[in-house]
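One structure below.
The values are calculated or read from the model by the stated rules, or taken from the named source; none is laboratory data. Just so we're clear, the structure is a prediction, and the values are computed from it rather than from any experiment. When we count neighbours, we look across all protein chains shown, and the Cβ atoms used for this are built from the backbone with ideal geometry, even at glycine.
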Amino acid sequence: MSETKEQRVLQFVLQNAIRGDPKSVIDNIDKYCSQREWAMNVGDQKGLILDNVLKESNPNTVLELGTYCGYSTVRIARLLKPGARFLTVEFNPAFAAVAKQIIEFAGLKDKVQVIEGNTQDIIPQLKKKYEVDKLDFVFVDHWKDKYLPDTQLLEKCGLLAKGSVVLADNVITPGAPEFLKYVRTCGRYDCTNYPSFLEYMDERDALEKAVFRG
Ligand SMILES: Cc1ncnc2c1ncn2[C@@H]1O[C@H](/C=C/CNC(=O)c2cc(-c3ccc(F)cc3)cc(O)c2O)C[C@H]1O
Ligand SMILES: [Mg+2]
């Protein structure tokens, strides 16, 4: 049966990256997706901003919405302190299967829990089923029309505390206008925009950091 693009990305990593070396996994995904087939990874330019915002936050508990192939999952997991908890949610089984193999190849299997499911179903289960109290850092990179409902769901479920960081990809391209308007005007977040470029392209994009005021 014909391979998918995501399977080709995985194969390229398995054949070219160094097992147990997260940076070589990241670099090889960027190499494949910039030279051979574009894919919706956060990429290296926005990835550097993600790295820096994450380091500033130094989180104990991290949630990612939209694992895809696990590129940002590896970027995040490689920077977490020992004992930190990291949950990532993906509802496409084929993407989750690729991500799990990429995460394991990078040597980060024990740092990440890949949860297969829809974020709107998983978020309400985080407290009881996944024993999460509060989230220190949330990376939002799934369907763009889900950014707002899921942010409001995180609030409703009592998962955000004063200082919790919500970092959203693609607030320019493809854009998440309702999310952006909400976090910037609802009065419950301090927002910072980080202008950058769309992964592997020259088009403009940006990350938005929304820090919950509690
Ligand atoms: C609700 C829900 N629950 C669990 N997983 C969910 C979910 N919604 C999506 N997902 C999963 O996240 C992933 C989805 C990510 C969506 N990201 C995108 O659509 C996306 C699109 C572009 C883009 C930019 C310019 C262009 F011309 C074309 C595309 C760039 C990006 O960085 C993106 O993240 C994979 C999907 O299965
Ligand atoms: Mg994205």
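Among residues of region 160-186 that are farther than 16 Å from residue 143 by Cα, those with a Cβ under 7 angstrom from a residue that is among the aromatic types (Phe, Trp, Tyr) and more than 11 Å from ligand 2 (Cβ to nearest atom), sequence gap 6+ or separate chain, pair up as 160/212; 161/212; 162/212; 163/212; 164/212; 165/137; 183/189.
Checking each residue in region 36-70 for being more than 15 Å from ligand 1 (Cβ to nearest atom), surrounded by fewer than 22 Cβ atoms within 10 Å (Cβ to Cβ) and assigned to a loop (DSSP other than H, G, I, E, B) picks out 36, 58, 60. Within region 9-28, the set of residues being buried (at least 16 other Cβ atoms within 10 Å of the Cβ) and in contact (Cβ under 8 Å) with a residue 24 or more places away in the chain comprises 9, 10, 12, 13, 17, 22, 25, 26. A count restricted to region 156-184 and to residues that are surrounded by 15 or more Cβ atoms within 10 Å (Cβ to Cβ), more than 16 Å from ligand 2 (Cβ to nearest atom) and not in a strand (DSSP E or B) stands at 4. Residues that are part of a loop (DSSP other than H, G, I, E, B) and either surrounded by fewer than 21 Cβ atoms within 10 Å (Cβ to Cβ) or among the β-branched types (Val, Ile, Thr) (or both) within region 82-125 comprise 82, 83, 84, 91, 92, 107, 112, 117, 118, listed in sequence order.
Quick check on my filter: what residues within region 43-64 are within 16 Å of ligand 2 (Cβ to nearest atom) and either more than 18 Å from residue 111 (Cβ to Cβ) or of a type in the set (Phe, Trp, Tyr) (or both)? Step through it out loud before you land on a result.
At the first step, the residues of region 43-64 found to be within 16 Å of ligand 2 (Cβ to nearest atom) are 43-51, 53-54, 63-64.
Residues satisfying the conditions are 43, 44, 45, 46, 48, 49, 53.
Within region 32-57, which residues are basic (Lys, Arg) and closer than 15 Å to residue 75 by Cα? Once the filter is applied, which keeps residues that are basic (Lys, Arg) and closer than 15 Å to residue 75 by Cα, region 32-57 yields 46, 55. On the given criteria, is residue 73 modelled with pLDDT of 95 or more and either more than 15 Å from ligand 2 (Cβ to nearest atom) or outside any helix (DSSP H, G or I) (or both)? Judged against the criteria, residue 73 is not a match. Of the candidates 114, 211, the single residue that is under 24 Å from residue 69 (Cβ atoms) and of a type in the set (A, V, I, L, M, F, W, C) is 114.
If only one of 95, 86 is modelled with pLDDT of 95 or more, of a type outside the set (D, E, K, R) and away from ligand 2 (no atom under 16 Å from the Cβ), which one is it? So that I can check it myself, show each step before the final result.
Working: 95 fails: away from ligand 2 (no atom under 16 Å from the Cβ).
One residue alone meets the criteria, 86.
Exactly one residue out of 190, 136, 145 is over 21 Å from residue 201 (Cα atoms), in contact with a Pro (Cβ under 9 Å, 6 or more places away or on another chain) and of a type in the set (Asp, Glu): that is 136.
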